[in-house]
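Everything on this sheet refers to the single structure shown next.
The values are calculated or read from the model by the stated rules, or taken from the named source; none is laboratory data. No experiment lies behind these values; they were computed from the predicted model shown. Heads up: the accessible areas ignore ligands, DNA and RNA and are worked out on the full protein's heavy atoms, side chains in. Shrake-Rupley method; radii C 1.70, N 1.55, O 1.52, S 1.80 Å.
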Amino acid sequence: MGTGDFNADGKPDIVWRNSTTGQNAVWYMDGVTYTGYAMLATVGAPWAIVGTADFNNDGKPDLLWRNTDTGQNALWYMDGAHSIQGVLIDAEADPNMEVRARATTLLPVPRASVATAKQVSSGATPQPVQTRSGT
């Protein structure tokens, strides 16, 4: 469902999602050779991973989620295979709109300039935005 260097070895890794069970995983890769994996939080339908990119400019890949029923979008800021913060971003309710491309690195933007981003606390976390520690 996406790629990014989740274990900081300088090589792209693969993000997998089981759309039936909601399980998510990162496969660590060395070229075409599988070297290990990490499980991510399970997130049920209708949420789907629609992209990976460094959305918070920390040099680490993050996950872009989309609720295919409501058009709500969310980011998981990642530290390797661990979600460290979730942010809800503007919904795109038009069912004909799909994510087709995204920047792999974003230019620094002051936090206050991010379009109506809503910070999600670990105490009241809607799916799929979850803070997770450990694997």
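A cut-off of 5 Å between modelled amide H atoms, ignoring neighbours fewer than 5 places along the same chain, links Val50 with Leu64, Trp65, Arg66. Taken along its three principal axes, the alpha carbon spread of segment 1-89 comes to 37, 30, 17 Å, from the longest extent down to the shortest.
Amide hydrogen proximity for Ile84: with H placed 1.01 Å from N in the peptide plane, the residues at 5 or more positions away or on another chain lying under 5 Å are Tyr77, Met78, Asp79.
Near Phe55, the amide H atoms lying under 5 Å from its own belong to Asp62; only residues 5 or more places off or on other chains count, and H is placed 1.01 Å from N. Per residue, the accessible area of segment 19-97 comes to 45 Å², computed with a 1.4 Å probe over protein heavy atoms only.
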